[in-house]
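See below for the structure under consideration.
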Amino acid sequence: MAYLLRFLIVLMISGICLTTSVALGWIDIGYSHIHLAIITFLYTIFAQAFVMFYFIGVSRLMTNVYNVLSSEKNLSELFDNPPEDLEPYKKKTVKFVQDSDRCKRQTIPWTMLMLILGSIAFLLGGAHDTNLVSKVVHSGVVYGFMAAMFIGFFRQWYYLKISHVSLRKVKTLFDIPDGQM
């Protein structure tokens with residue numbers, strides 16, 4: 001899943017860079033940057049929602065596993081034959097919970113900032129097209145969106161790896177099938 005999400009955010013960056021290049025007049029592909037911006041921003045919303053829910057889901061899974069271990073109830077959800085000593089499992093699971101919470105905290109604010117600035121830039125583009133705001137205002141918000149997008153991209157790239165590795169470890173530890181969360 002992490003590889004799919006990495007592909008989605010690389011595709012998002014490519015679309016934004018293409019739209020920006022057309023807007024600045026660096027390349028001409030036969031479409032205006034307005035047409036590209038509509039498609040690209042809708043895709044950006046999709047990709048960022050997907051990434052955000054991945055981090056939320058991984059964090060929730062880790063928390064659920066820890067809660068089952070802590071309460072020592074419903075251990076059959078994690079084990080076929082529950083062991084007597086759960087302390088080694090609890091210690092490892094605490095680390096997984098901390099890692100997944102950190103990943104979520106480090107990426108979701110950037111995702112939200114991207115979506116907010118992108119929405120404002122998109123709306124200001126329409127306002128500029130109808131001469132309600134100057135080009136400088138629209139461009140400034142677009143550059144802010146792009147800065148947040150690039151910072152968020154590198155954070156998401158890095159923390160997708162950490163979440164992916166943690167998810168693999170917890171699934172291996174408890175023999176959870178790959179297709180199950």
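Some observations on this one:
- Mean projection area, nm², convex hull over Cα of segment 77-125: 5.0 nm²
- Dipole of segment 31-107 [Lys/Arg +1, Asp/Glu -1 at C-beta], most positive-end residue of Ile56, Tyr89, Ser70: Ile56
- Listed candidates [x] 71, 26, 21; [y] 116, 45, 14; [z] 65, 43, 21 - label of the one calculated as Cα extents along the principal axes in Å: [x]
- Point-charge dipole on Cβ atoms (K/R +1, D/E -1) for the chain, about Cα centre, debye to 20: 380 debye
- Close lysine pairs were tallied over the chain: pairs 8 or more places apart or on different chains with Cα atoms under 15 Å apart number 11.
- Accessible surface of the chain, 1.4 Å probe: 64 percent of it comes from carbon and sulfur atoms.
- Comparing Trp157, Trp110, Trp26 in a Gaussian network model of the chain (Cα springs below 10 Å), the most mobile by mean-square fluctuation is Trp26.
- Largest-first ordering by accessible area, 1.4 Å probe, given options Ser134, Ser139: Ser134, Ser139
- For the chain, the membrane-span-like helices by this rule, meaning whole DSSP H stretches whose C-alpha atoms cover at least 15 Å of axis and whose Kyte-Doolittle mean is 0.0 or above, are 2-24, 33-71, 135-173; this says nothing about an actual membrane.
- Solvent-accessible area per residue in the chain equals 58 Å², computed with a 1.4 angstrom probe and all protein chains kept.
The values are calculated or read from the model by the stated rules, or taken from the named source; none is laboratory data. Nothing here was measured: the structure is a model prediction, and the numbers come from that model. Reconstructed Cβ throughout: ideal geometry from the backbone, glycine too, with neighbour counts over all protein chains shown. To get the accessible areas, we keep the full protein, side chains included, count just its heavy atoms, and leave off ligands, DNA and RNA. Shrake-Rupley method; radii C 1.70, N 1.55, O 1.52, S 1.80 Å.
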